[in-house]
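The values are calculated or read from the model by the stated rules, or taken from the named source; none is laboratory data. These numbers come from a predicted model, not from an experiment. Positions of Cβ are generated from backbone atoms using ideal geometry, with glycine treated the same way; all protein chains shown enter the neighbour counts.
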Amino acid sequence: MSHDRRGRGDIAISGIGLVTAAGIGVTANWQRVIAGTATAAQDAALAGLATDFSCRVPGFDGDALLGRRLAWRLDRFVQLAIVAAREAIADSGLDPAAWPGERVGVVVGNSLGGTETVERAHRTFYAGDPDDVSPLTVPMGMVNMVAGYVAMDCGARGPGLVTATACASGTTALGVARDLLLSGACDIVVAGGTESALTPATVTTLGRMGALSVRRSDPATASRPFDIDRDGFVAAEGAGMLVLERAGDARSRGARVHARIAGYAATADAHHATAPEPTGAGIERAVRLALADAALAPEDIDHVNAHGTSTPLNDVAEAGALHRVFGDRVAVTSTKGVTGHALAGAGAIEAAYTALALRDGVVPPTANLQRIDPRVEVDVVAGAARRGPLTAAVSTSMGFGGNNAALVITPA
């Protein structure tokens with residue numbers, strides 16, 4: 001039986017919304033990412049921990065942005081997603097009051113759910129006050145509720161799904177959304193990823209695993225993908241949401257299209273719970289399959305927005321995979337040097353940055369890259385943004401459990 005999916009049709013990205021440590025909104029994000037200005041800073045909520053810094057969204061006020069009546073029922077990871085989704089929908093020019101809700105789906109990547117809510121309930125319960133535990137704890141903490149609340153907010157009555165593939169979740173969500181459109185199950189999908197887990201218990205756990213940077217003396221330079229002196233990632237929060245449509249539908253209504261998703265693939269390492277397969281074979285296979293899905297060759301790609309976490313193991317394994325696929329001819333960047341690692345939100349955020357790179361003809365620099373690891377044999381953009389026309393790009397994601405995902409994105 002043939003399962004050849006090549007050339008099945010492109011999906012238009014007609015709306016983008018971003019809420020990250022680089023700012024609230026696409027404009028603020030893109031300006032800071034192009035400038036390569038890092039966002040990591042001391043975090044009062046993490047005071048006293050071995051890693052007491054993070055990349056937190058600046059000035060985010062859920063009450064002001066969503067209204068207190070809605071915000072108090074939502075964990076922060078859902079608040080971020082709704083703000084980003086509203087921006088994406090407004091950017092698309094679609095009107096939720098008029099769209100056919102039954103044909104609109106929501107797919108959101110998330111991994112850890114409402115950690116802030118759950119930790120607060122845990123503290124209250126073990127302080128001996130079970131009657132003070134909020135009855136909203138379960139619906140605020142559940143991973144799936146982000147898709148439910150986004151759907152409620154915009155009247156999307158089609159499929160409502162959450163993908164949980166660790167740090168590949170946002171990319172996986174966009175791939176699933178694409179399949180919903182190509183299968184005819186939906187006409188519009190609001191899709192992306194979100195995470196807000198900058199709580200003491202979660203950050204402590206990541207630190208105990210050895211995943212986090214301990215550069216406490218200079219947190220602004222702690223996230224340094226592909227640098228020889230990298231020592232771990234900087235935990236971040238954030239959400240990236242996209243409005244996706246079939247390209248023909250977007251053209252028919254005269255939509256402004258930022259870029260198109262032309263290919264997608266996912267693979268598993270089947271290797272280790274938290275460490276990537278050392279050769280990068282899994283992410284290499286995902287990239288090659290995504291290229292085949294898009295009916296493109298490696299020579300057609302001139303930019304890669306890499307997963308690039310700033311951890312010792314990931315960056316070398318991923319760079320090796322990219323070198324085997326593309327050699328040293330593509331412009332590679334990791335925007336995590338600016339934003340830190342937003343975990344399940346990262347893939348969708350970076351897909352948005354990739355679309356903007358194609359739209360504007362600019363590859364952002366990898367912030368804090370001062371001395372490239374000699375084992376990294378790809379052309380990593382550093383120092384300043386690189387400008388010029390781009391023909392096609394790839395965005396990669398890798399996650400705990402050996403989850404890999406790749407998107408091929410082409411200009412509008």
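Would you mind stating whether Asn368 is touching a helix residue (DSSP H, G or I) at 6+ places or on another chain (Cβ under 6 Å), part of a loop (DSSP other than H, G, I, E, B) and either crowded, with 24+ Cβ neighbours inside 10 Å or not assigned by TED's automatic domain parsing to the domain that holds Leu244 (or both)?
On the way: touching a helix residue (DSSP H, G or I) at 6+ places or on another chain (Cβ under 6 Å): yes; part of a loop (DSSP other than H, G, I, E, B): yes; either crowded, with 24+ Cβ neighbours inside 10 Å or not assigned by TED's automatic domain parsing to the domain that holds Leu244 (or both): yes.
Here the answer is yes, as Asn368 does meet what is asked.
Does any residue of region 6-27 turn out to be free of Cβ contacts under 8 Å to residues at least 12 places away in the same chain and either in contact with a Cys (Cβ under 6 Å, 6 or more places away or on another chain) or not in a helix (DSSP H, G or I) (or both)?
In the first step, residues of region 6-27 are kept if they are free of Cβ contacts under 8 Å to residues at least 12 places away in the same chain; the result is 27.
Subsequent filtering for residues that are either in contact with a Cys (Cβ under 6 Å, 6 or more places away or on another chain) or not in a helix (DSSP H, G or I) (or both) retains none.
Within region 6-27, not a single residue is free of Cβ contacts under 8 Å to residues at least 12 places away in the same chain and either in contact with a Cys (Cβ under 6 Å, 6 or more places away or on another chain) or not in a helix (DSSP H, G or I) (or both).
Answer yes or no: is there a residue in region 27-44 that is touching a Gly at 6+ places or on another chain (Cβ under 7 Å), over 18 Å from Ala352 (Cβ atoms), at pLDDT below 95 and among the hydrophobic types (A, V, I, L, M, F, W, C).
Within region 27-44 (the criterion being touching a Gly at 6+ places or on another chain (Cβ under 7 Å), over 18 Å from Ala352 (Cβ atoms), at pLDDT below 95 and among the hydrophobic types (A, V, I, L, M, F, W, C)), the answer is no, since none of the residues qualifies.
Which one is nearest to Glu284 (Cα to Cα) among residues in region 317-344 that are of a type in the set (Gly, Ala, Ser) and assigned to a helix (DSSP H, G or I)?
Initially, region 317-344 is screened for residues of a type in the set (Gly, Ala, Ser), giving 317, 319-321, 327, 331, 334, 337, 340, 342, 344.
From the residues that got through so far, the ones that are assigned to a helix (DSSP H, G or I) too are 317, 319-321, 337, 344.
Values: Ala317: 10, Ala319: 10, Gly320: 9, Ala321: 5, Gly337: 22, Ala344: 20 Å.
Top of the filtered list is Ala321.
Can you pull out the helices (runs of 4 or more DSSP H) entirely within region 49-168 that have at least 3 residues that are within 28 Å of His341 (Cβ to Cβ)?
Ranges flagged: 62-66, 76-92, 115-126, 137-141, 145-154.
Would you check if there is a residue in region 347-357 being in contact with a helix residue (DSSP H, G or I) (Cβ under 6 Å, 6 or more places away or on another chain), at pLDDT 95 or above, surrounded by fewer than 24 Cβ atoms within 10 Å (Cβ to Cβ) and within 27 Å of Asn110 (Cα to Cα)?
Checked against the condition, which is being in contact with a helix residue (DSSP H, G or I) (Cβ under 6 Å, 6 or more places away or on another chain), at pLDDT 95 or above, surrounded by fewer than 24 Cβ atoms within 10 Å (Cβ to Cβ) and within 27 Å of Asn110 (Cα to Cα), region 347-357 yields at least one hit.
When you check Cys186 against the structure, is it of a type outside the set (Val, Ile, Thr), touching a residue at least 12 places away in the same chain (Cβ under 8 Å) and over 18 Å from Gly101 (Cα atoms), yes or no? Give the derivation first.
On the way: of a type outside the set (Val, Ile, Thr): yes; touching a residue at least 12 places away in the same chain (Cβ under 8 Å): yes; over 18 Å from Gly101 (Cα atoms): no.
Spelling it out, it is not the case that Cys186 is of a type outside the set (Val, Ile, Thr), touching a residue at least 12 places away in the same chain (Cβ under 8 Å) and over 18 Å from Gly101 (Cα atoms).
Can you tell which of Thr171, Thr202, Thr163, Thr194 is over 21 Å from Ala352 (Cα atoms), at pLDDT 95 or above and assigned by TED's automatic domain parsing to the domain that holds Arg73? Can you show your working first?
Values: Thr171 fails: over 21 Å from Ala352 (Cα atoms); Thr163 fails: over 21 Å from Ala352 (Cα atoms); Thr194 fails: over 21 Å from Ala352 (Cα atoms).
Going through Thr171, Thr202, Thr163, Thr194 in turn, the sole match is Thr202.
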